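Asker: I'd like to ask some things about the structure below.
The values are calculated or read from the model by the stated rules, or taken from the named source; none is laboratory data. Because the structure is a prediction, the values reported are computed rather than measured. Virtual Cβ from ideal backbone geometry, glycine too; neighbours counted across all protein chains shown. Quick note on the areas: whole protein, heavy atoms, side chains included, nothing else; ligands and nucleic acids left out. Shrake-Rupley method; radii C 1.70, N 1.55, O 1.52, S 1.80 Å.
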Amino acid sequence: MVRVPKGAQVLPDAEAVAREAAERLIAACGEAQGERIAICLSGGSTPKRLYALLAGPDYAALVPWTRIHWFFGDDRAVPWDDARSNVRMVREAFGHGSEIPPTHLHFMPSDEGIEAGAKAYERTLRDFHGADALTAERPLFDLVLLGLGDDGHTASLFPGKPEAGEATALAVPVPEAGLEPFVPRISLTVPALTSARHVLFLVTGAGKRAPLARLAAGEDLPAGAIRGPQVVWLLDEAAAG
């Protein structure tokens with residue numbers, strides 16, 4: 001078995017991971033302080049199943065749709081109806097049963113370029129947060145969802161790229177992706193992604209054993225920079241070996 005990260009929970013399969021994530025998301029909503037809830041979404045096949053579950057018959061009535069503001073951990077600089085867009089994936093996965101107010105989906109703009117888009121998204125985040133500093137008592141998000149790339153990246157923070165080491169900004173342009181599709185992107189940074197009451201990594205499939213082993217060996221990978229007592233890894237048995 002792969003030496004799993006501290007705080008990891010190993011579940012039978014990808015469906016079980018998605019369902020556990022749904023339960024934890026709903027619990028996080030119940031713990032949220034104030035009227036607004038901030039959740040940061042991830043791309044990928046496992047989160048896609050989670051989003052479909054949330055909008056489906058088992059969970060839709062339990063989700064406080066009118067209170068949740070949905071943000072994106074990253075996206076590719078393509079039109080929002082492009083098949084490579086996380087916006088399109090989320091819209092299709094949520095479907096029409098989620099009843100999300102249109103102003104509660106905060107998309108990453110890239111039509112004026114990724115530099116301008118990253119600055120605009122940072123303004124959106126800071127305006128929503130409403131405070132000068134991110135603190136443990138007042139984090140940016142109630143819940144952040146993340147995945148693990150085959151190379152150890154998370155969001156669009158790739159190994160060896162300068163964006164992975166950004167320590168001040170909340171959002172950065174990513175002109176050169178480390179994996180396909182090789183299109184420019186916008187990504188939240190480590191400070192933004194760790195500023196959360198709860199962080200869930202959803203990791204499924206045998207292809208994730210290699211990056212998990214590299215993290216366990218102490219290799220400096222972007223996913224390993226997302227750490228703290230609020231971070232939980234949900235793995236399926238295929239990923240854990």
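Asker: Which residue is farthest from Phe182 (Cα to Cα), if the candidates are limited to region 40-62 and must be in contact with an Asp or Glu (Cβ under 9 Å, 6 or more places away or on another chain) and part of a loop (DSSP other than H, G, I, E, B)?
Answerer: Tyr59
Asker: Could you list, in sequence order, the residues of region 221-241 that are modelled with pLDDT of 95 or more, among the charged types (D, E, K, R) and not in a helix (DSSP H, G or I)?
Answerer: Asp236 - this is the single residue of region 221-241 that is modelled with pLDDT of 95 or more, among the charged types (D, E, K, R) and not in a helix (DSSP H, G or I).
Asker: Taking the conditions exactly as written (surrounded by 23 or more Cβ atoms within 10 Å (Cβ to Cβ) and modelled with pLDDT under 95), does Ser156 satisfy them or not?
Answerer: no
Asker: I'd like to know if region 73-81 contains one or more residues that are touching a helix residue (DSSP H, G or I) at 6+ places or on another chain (Cβ under 6 Å), crowded, with 20+ Cβ neighbours inside 10 Å and under 17 Å from Leu200 (Cα atoms).
Answerer: no
Asker: Also: So which residues in region 198-233 are over 17 Å from Gly178 (Cα atoms), buried (at least 22 other Cβ atoms within 10 Å of the Cβ) and in contact with an Asp or Glu (Cβ under 8 Å, 6 or more places away or on another chain)?
Answerer: Result: Val203, Thr204.
Asker: Give me the pairs: first residue in region 173-192 and more than 25 Å from Gln230 (Cβ to Cβ) and open to solvent by 20 Å² or more (accessible area, probe 1.4 Å), second residue in a loop (DSSP other than H, G, I, E, B) and among the aromatic types (Phe, Trp, Tyr), beta-carbon distance under 8 Å, and six or more apart or on different chains, which are they?
Answerer: Cβ pairs passing all conditions: Glu176/Phe182; Gly178/Phe158; Leu179/Phe158.
Asker: Step by step: first the residues of region 119-161, then only those that are farther than 27 Å from Val17 by Cα and of a type in the set (Ser, Thr, Tyr), then the one that is nearest to the chain's Cα centre (by Cα). Which residue is that?
Answerer: Selected residue: Tyr121.
Asker: Of all residues in region 200-241, which are closer than 12 Å to Pro5 by Cα, touching a helix residue (DSSP H, G or I) at 6+ places or on another chain (Cβ under 8 Å) and charged (D, E, K, R)?
Answerer: Once the filter is applied, which keeps residues that are closer than 12 Å to Pro5 by Cα, touching a helix residue (DSSP H, G or I) at 6+ places or on another chain (Cβ under 8 Å) and charged (D, E, K, R), region 200-241 yields Arg209, Arg227.
Asker: (1) more than 19 Å from Ile114 (Cα to Cα); (2) not in a helix (DSSP H, G or I): which one isn't true of Asp127, the others all being true?
Answerer: Every condition holds for Asp127 apart from (2).
Asker: Would you tally the residues in region 133-148 being of a type outside the set (A, V, I, L, M, F, W, C) and at pLDDT below 95?
Answerer: 3
Asker: Of a type in the set (Gly, Ala, Ser) and part of a loop (DSSP other than H, G, I, E, B), is that true of Gly30?
Answerer: It is false that Gly30 is of a type in the set (Gly, Ala, Ser) and part of a loop (DSSP other than H, G, I, E, B).
Asker: Between a residue in region 8-28 that is closer than 25 Å to Ile68 by Cα and any residue that is open to solvent by 40 Å² or more (accessible area, probe 1.4 Å), which pairs come within a Cβ distance under 6 Å, given they are 6 or more apart or on different chains?
Answerer: So the pair list comes out as Ala18/Arg49; Ile26/Leu62; Ala28/His198.
Asker: Working only within region 192-241, note down all residues that are of a type outside the set (A, V, I, L, M, F, W, C) and under 24 Å from Arg126 (Cα atoms).
Answerer: Thr194, Ser195, Arg197, His198, Pro222, Arg227, Gly228, Pro229, Gln230
Asker: On to the next question. Can you tell me how many residues within region 103-118 are surrounded by fewer than 14 Cβ atoms within 10 Å (Cβ to Cβ) and within 20 Å of the chain's Cα centre (by Cα)?
Answerer: The total comes to 1.
Conditions (1) part of a loop (DSSP other than H, G, I, E, B); (2) farther than 30 Å from Pro64 by Cα, marked per residue:
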{"residue": "Pro139", "(1), (2)": "yes, no"}
{"residue": "Leu145", "(1), (2)": "no, no"}
{"residue": "Leu148", "(1), (2)": "yes, no"}
{"residue": "Ala177", "(1), (2)": "yes, yes"}
{"residue": "Val183", "(1), (2)": "yes, yes"}
{"residue": "Lys208", "(1), (2)": "no, yes"}
